[in-house]
Each structure stands twice: as C-alpha cells, then as structure tokens.
1. Select from the stretch 12-32 the residues that are buried (at least 17 other Cβ atoms within 10 Å of the Cβ) and free of Cβ contacts under 8 Å to residues at least 60 places away in the same chain and list them in ascending order.
2. Is there a residue being under 15 Å from residue 24 (Cα atoms), part of a loop (DSSP other than H, G, I, E, B) and free of Cβ contacts under 8 Å to residues at least 40 places away in the same chain anywhere in the stretch 61-76?
3. For the stretch 93-134, give me each residue that is under 13 Å from the mean Cα position of the chain (by Cα), modelled with pLDDT under 95 and part of a loop (DSSP other than H, G, I, E, B).
4. If a residue has to be surrounded by 17 or more Cβ atoms within 10 Å (Cβ to Cβ), more than 14 Å from residue 56 (Cα to Cα) and free of Cβ contacts under 8 Å to residues at least 40 places away in the same chain to count, how many in the stretch 83-99 make the cut?
5. Would you mention how many residues in the stretch 1-13 are in contact with a strand residue (DSSP E or B) (Cβ under 9 Å, 6 or more places away or on another chain) and either part of a loop (DSSP other than H, G, I, E, B) or at pLDDT below 95 (or both)?
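The values are calculated or read from the model by the stated rules, or taken from the named source; none is laboratory data. Because the structure is predicted, anything quoted here is derived from the model rather than measured. A quick note on method: Cβ atoms are made from the backbone with ideal geometry, for glycine too, and the neighbour counts reach across all protein chains shown.
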C-alpha cells in the first residue's frame, strides 16, 4: 500500500485492540486509532480520514450494539462511504451488519486467517474512502 492507511477500531477491549493493531500494522502498515463509545467513534470519524472502521459486536466499555454504530455511519452523508466491518464470530450478527450496509467482517478468532486479511486488504484499497466533507 502506498500511503499509510488509518483504521478506526471501535469498542474493542484493550487486548483485542492490541491484537488488531498488531495485525493491521504488520500486514498493511496501518495506523490504528481506538474509540470506546459511539460518540467517540462518530467524533473521530468526522474529524479525520479513515480508510476502514472496525466495530465490535458489543462495545466493551458500555455494551452498545455495534450495529448502532454501523447504522449511524450509514445515516451520515459524510461517513456512509467509509468502509465499515463488524468484528464478531457470530454469523447472524455478520449477516445483519451486511444488511445494514457494512462490508463482510470477521471474528476475532479468524483475525489471522488469509480470507480475513484479504477482506481487510480489499477494504483498505477501496477508492470510496475519503475525508469527511467540511
């Protein structure tokens, strides 16, 4: 990848955030920024350019469903084109996230799988990721 990509990781516990950060840095040279709440995620996304957003199924800090964040991004004209994925091992949660507008995501248990890395690479290479309009 040419330029350093920024990824917003929303609602992961410290250990999962660390694992995701290590994988994305090692494989893609990405900078990973964390957000603990829905409000932090929206604020971060509106104030910076992100190539990908990874949302936990349930936010570790307050239990907010990740689908709420996906829906909020889809309703926001400035954020709806930013690629977003759900981080969950549950197939039904993944199907619901995709139905809400997310790209197919991955579970924490498959973070290192070749198909997960291929999906993340494809998301990072999408040309629709752009800085929010100001």
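1. Within the stretch 12-32, 17, 21, 32 meet the criteria.
2. Scanning the stretch 61-76 turns up no residue that is under 15 Å from residue 24 (Cα atoms), part of a loop (DSSP other than H, G, I, E, B) and free of Cβ contacts under 8 Å to residues at least 40 places away in the same chain.
3. 129, the sole residue that qualifies.
4. 0
5. Residues in the stretch 1-13 being in contact with a strand residue (DSSP E or B) (Cβ under 9 Å, 6 or more places away or on another chain) and either part of a loop (DSSP other than H, G, I, E, B) or at pLDDT below 95 (or both): 5 in total.
Conditions tested, residue by residue: (1) over 10 Å from the mean Cα position of the chain (by Cα); (2) within 22 Å of residue 109 (Cβ to Cβ).
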position: 7; (1), (2): no, yes
position: 12; (1), (2): yes, yes
position: 22; (1), (2): yes, yes
position: 28; (1), (2): yes, yes
position: 39; (1), (2): yes, no
position: 47; (1), (2): yes, no
position: 52; (1), (2): no, yes
position: 62; (1), (2): yes, no
